[in-house]
Amino acid sequence: MSKEYQFEKVTFEPSPQNNGEFLPQITIGESTHRPFHPSDMDRVLDYDNMPEPPPPDAQHGHLEFEMDDDDMTIRDDAPPKFPKRYFCLRGSFIFYYDMKDVDNSYDKASFDRHDHAATFLGPPLGVIPVERTKVEFPPGGRRVFREHANTEARNGYEMMIRHVARAANINSTSTSTIGTGTQKQEKENSAGAASAAKRRAPAYLVMDSLGQREAWADAIRFRADVYKKDTKLRPAGTNPDELNMDANIHIGAGDKMGTDIFDVLDPSKGGKKGISSPTRGEASRRVGGEISVLAGIIEKEEQTDINEALQMFGTRTLFQEDIWVNDFFEQNDENEGADMCQKFERWQTSIKKGLRGAVLEQYEYFVEASREMTVMGREVASLKDLVNKQVGTFESMKRVTFDLDFGEGPSNGDIDADGVGTATEDETTRYSSDEEDENADENEHKSEKSPNGKKRFGRFRGAGATSPLSGRSSKKSTSTIDIPLWLDDVIEEITAFVKECRYTDATELLLKARSEVSDIVNLVRG
Amino acid sequence: MFVSNLLLSTLQKNETLTEKKLSKKELASMQRIIISIEDLTKRLCERLSEGLRRKNEALKQTTKKEKADPLSAMAPLVSPIALNDDSTALHLLVRLGRSQDAASAYATRRSLLLNEW
């Protein structure tokens with residue numbers, strides 16, 4: 001194996017049968033391709049930033065057409081068929097297998113959907129790319145699309161995975177990479193326009209239940225929104241899951257986070273068995289399964305070197321070179337120094353390789369975090385706009401006057417009530433201050449009360465801005481009637497005059513109040 | 001009654017949607033003021049009328065006593081009933097819309113005055 005590790009990712013090419021389907025292949029590096037082997041399926045990794053793991057692999061119906069005798073073209077009179085295929089969703093691809101190529105005789109009692117327990121005996125029949133696709137259900141809540149109503153699809157719940165081609169720069173991208181679909185044949189739009197030819201043919205799946213269709217559709221939608229992200233393969237070698245199974249360690253889905261330098265240097269991350277670090281617990285060796293993918297695979301010798309380095313130096317919290325050198329030469333011959341130097345240089349190279357992987361992983365996390373923060377920033381900006389709109393709406397609602405709600409409008413009534421209360425307090429304060437300023441005796445005060453009251457009433461009336469009756473603030477709208485404040489106290493004043501047998505004052509005030517009320521009533525009459 | 005009509009008119013107009021309107025609190029305040037004004041007017045008129053009636057009755061009794069007194073010839077020529085002491089009350093009654101009560105009180109006083117002469 002080459003010392004320099006190169007990425008392995010899943011790509012696709014159009015099926016040689018020219019039936020609108022695609023075959024998966026493995027792209028190594030940038031330009032080297034090889035067919036998809038059955039053992040590759042266990043190594044295909046799902047996206048690691050998905051909110052939920054992919055749905056469990058399951059059997060679904062898949063739209064296929066019967067081929068001609070030459071196996072190169074679709075028969076013209078071929079009816080659509082929905083044979084059962086075994087589907088696996090990984091990253092941006094849905095692999096589907098012939099049922100005879102899948103051995104899923106696993107122990108269902110211990111089946112965990114995160115463990116890919118099925119064994120694949122052959123390569124997949126094809127692959128459905130989900131990047132830049134849309135999942136559509138039959139319109140009107142129907143179970144199947146109308147064109148498939150007479151097929152066995154009517155026994156299930158159908159959905160369509162439709163490719164949405166980019167309008168711009170599609171020409172440039174279509175020729176640059178394999179698997180962008182320039183050579184695809186449109187089954188429905190065989191004579192379509194050039195843009196239609198860029199699109200991949202839609203794929204139809206038939207699920208057994210409505211919930212299954214929803215789960216798969218949601219998972220596909222999440223992955224369809226991820227652009228230009230490779231579907232990587234776990235480095236060749238033993239599946240880390242199997243390693244952990246050997247060690248009776250269950251790997252949790254959330255354990256991939258929190259990698260540190262010791263995890264980087266841990267040999268189990270490289271996909272091969274190695275000596276366990278004596279300084280780290282078993283749990284710490286579970287994390288970071290993809291680190292070596294980023295920096296290159298760590299060879300067995302390198303892992304051994306790293307383990308030896310960890311055993312020699314990993315437990316030391318304080319390392320002093322001179323003490324170590326003295327100890328070394330006390331225990332070893334002088335001529336062993338050169339060999340030890342070469343050994344240390346080799347160790348250093350191995351450790352650097354692991355560190356490079358850690359740095360690359362941190363960088364990847366940083367990029368992902370930046371992307372998430374960018375999305376969050378946009379969401380916060382949209383939330384801010386929304387809040388501003390709501391504030392504007394509230395302000396406009398506050399300014400609404402319910403003119404037609406005659407005396408029943410709660411908001412207007414409340415405003416009026418508040419306004420009355422405020423004005424009453426103001427006028428009460430003014431009234432009391434006026435009384436305090438008068439230093440006359442009580443009799444004099446009583447005798448002067450009526451004229452003062454008249455003056456005060458007259459001043460209130462003059463204070464009105466628009467209405468001749470206005471005795472309060474002119475902030476109200478012109479559609480409301482201002483009731484003079486002195487009317488609130490006029491009853492008490494008249495009663496006091498009557499008790500004092502000052503019938504003339506009482507009569508004058510009473511007639512004045514009656515006149516005021518009459519004016520208000522006339523205003524109400526409009 | 002004027003106030004009753006006013007009250008009914010106010011209530012009716014408040015039920016009609018016009019450009020001018022009263023809030024619920026203002027409407028309640030106006031109703032309270034109108035009812036209070038009506039009560040006060042009634043009380044005021046009763047007091048004025050009762051005062052005039054009592055005063056006229058007292059003058060009538062006094063006149064009877066004077067006529068029964070043999071020394072009445074020694075009494076002053078001008079009787080207290082001739083004084084214009086009820087003009088204010090009568091005026092207020094008229095202003096308050098109790099013209100009938102004012103007319104009755106005035107007639108009683110006028111009769112007493114004529115009997116005096």
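Yes/no per residue for (1) loosely packed, with under 11 Cβ neighbours inside 10 Å; (2) β-branched (Val, Ile, Thr); (3) touching a Pro at 6+ places or on another chain (Cβ under 9 Å):
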{"position": "A:Trp324", "(1), (2), (3)": "no, no, no"}
{"position": "A:Ala338", "(1), (2), (3)": "yes, no, no"}
{"position": "A:Gly357", "(1), (2), (3)": "no, no, no"}
{"position": "A:Val367", "(1), (2), (3)": "yes, yes, no"}
Could you tell me whether segment A:211-228 includes any residue that is touching a helix residue (DSSP H, G or I) at 6+ places or on another chain (Cβ under 7 Å) and at pLDDT below 85? no
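Take segment A:353-377 and flag every residue that is touching a helix residue (DSSP H, G or I) at 6+ places or on another chain (Cβ under 9 Å) and basic (Lys, Arg). Show your work before the answer.
Step one: filter segment A:353-377 for residues touching a helix residue (DSSP H, G or I) at 6+ places or on another chain (Cβ under 9 Å), giving A:353-361, A:363-364.
Of everything in segment A:353-377, those that are touching a helix residue (DSSP H, G or I) at 6+ places or on another chain (Cβ under 9 Å) and basic (Lys, Arg) turn out to be A:Lys353, A:Arg356.
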I need a count of the residues in segment B:25-63 that are within 11 Å of another protein chain (Cβ to nearest Cβ), surrounded by fewer than 19 Cβ atoms within 10 Å (Cβ to Cβ) and among the polar types (S, T, N, Q). 3
Taking segment A:5-34 on its own, how many of its residues are of a type in the set (Asp, Glu), crowded, with 18+ Cβ neighbours inside 10 Å and outside any strand (DSSP E or B)? 1
Does A:Val400 qualify as being under 47 Å from the mean Cα position of the chain (by Cα), assigned to a loop (DSSP other than H, G, I, E, B) and surrounded by 10 or more Cβ atoms within 10 Å (Cβ to Cβ)? yes
Residue by residue through segment B:60-81, note down the ones that are modelled with pLDDT under 75 and of a type in the set (Val, Ile, Thr). B:Val78, B:Ile81
Within segment A:42-64, the residues that are among the aliphatic types (A, V, I, L, M) and either within 27 Å of the chain's Cα centre (by Cα) or modelled with pLDDT under 85 (or both) are A:Val44, A:Leu45, A:Met50, A:Ala58
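The values are calculated or read from the model by the stated rules, or taken from the named source; none is laboratory data. Since the structure is predicted, the reported quantities are computational estimates derived from the model, not experimental observations. Using ideal geometry, Cβ is built from the backbone for each residue, glycine included, and neighbour counts are taken over all protein chains shown.
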